[in-house]
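Here is the structure we will look at.
The values are calculated or read from the model by the stated rules, or taken from the named source; none is laboratory data. These numbers were taken from a predicted model, which means no experiment stands behind them. FYI the Cβ positions are ideal-geometry reconstructions off the backbone, even for glycines, and counts take in every protein chain you see. To get the accessible areas, we keep the full protein, side chains included, count just its heavy atoms, and leave off ligands, DNA and RNA. Shrake-Rupley method; radii C 1.70, N 1.55, O 1.52, S 1.80 Å.
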Amino acid sequence: QVQLVESGGGLVQAGGSLRLSCAASGSIFSINAMGWYRQAPGKQRELVAAITSGGSTNYADSVKGRFTISRDNAKNTVYLQMNSLKPEDTAVYYCNADMQETGSWYVNDYWGQGTQVTVSS
């Protein structure tokens, strides 16, 4: 069974930093794009950052210059380095990946369980 497991969330003061990690495990044949989304209370889930298998990246305007997404293809892991955090970054952060399981013809969309990030003012 293929799954994504996140870690690294927590409570930090404004201006601080956190690093999120998300590791994919199971019978994985390939991983295409990976990304991070977030959902604040009462708001829709939004894309924070994404990275292709080749390393091309895309960021939400609200995090450009502060957040950096990266991945280690050998470890099937994606990271989100968050610097200069603001109270408005408070949300549950979800890892997402498009993966093909071994023995399957299809690429499916997978989500992690979410990790809470709270930024205090």
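Mind listing whichever residues of region 34-68 are within 30 Å of SER104 (Cα to Cα), among the aliphatic types (A, V, I, L, M) and open to solvent by less than 40 Å² (accessible area, probe 1.4 Å)? Give the derivation first.
Keep residues of region 34-68 that are within 30 Å of SER104 (Cα to Cα), which gives 34-38, 45-58.
Add one more test, that the residue is among the aliphatic types (A, V, I, L, M), and what stays is 34, 47-51.
Matches in region 34-68: MET34, VAL48, ALA49, ALA50, ILE51.
So which of VAL107, VAL92, VAL78 ends up being open to solvent by less than 30 Å² (accessible area, probe 1.4 Å) and of a type in the set (Val, Ile, Thr)? Steps first, answer last, please.
Values: VAL107 fails: open to solvent by less than 30 Å² (accessible area, probe 1.4 Å); VAL92 fails: open to solvent by less than 30 Å² (accessible area, probe 1.4 Å).
Matching residue, one of VAL107, VAL92, VAL78: VAL78.
Taking into account only those residues within region 9-22 that are touching a strand residue (DSSP E or B) at 6+ places or on another chain (Cβ under 7 Å) and open to solvent by 40 Å² or more (accessible area, probe 1.4 Å), which is farthest from SER84 (Cα to Cα)?
Step one: filter region 9-22 for residues touching a strand residue (DSSP E or B) at 6+ places or on another chain (Cβ under 7 Å), giving 9-14, 17-22.
Next, only the ones that are open to solvent by 40 Å² or more (accessible area, probe 1.4 Å) stay: 11, 13-14, 17, 19.
Values: LEU11: 14, GLN13: 9, ALA14: 7, SER17: 6, ARG19: 12 Å.
For region 9-22, the residue satisfying everything is LEU11.
Pairs needed: first member in region 96-110, closer than 19 Å to SER7 by Cα; second member anywhere, open to solvent by 40 Å² or more (accessible area, probe 1.4 Å) and not in a strand (DSSP E or B); C-beta distance under 9 Å; at least 6 residues apart or different chains.
The qualifying pairs are ALA97/ASN76.
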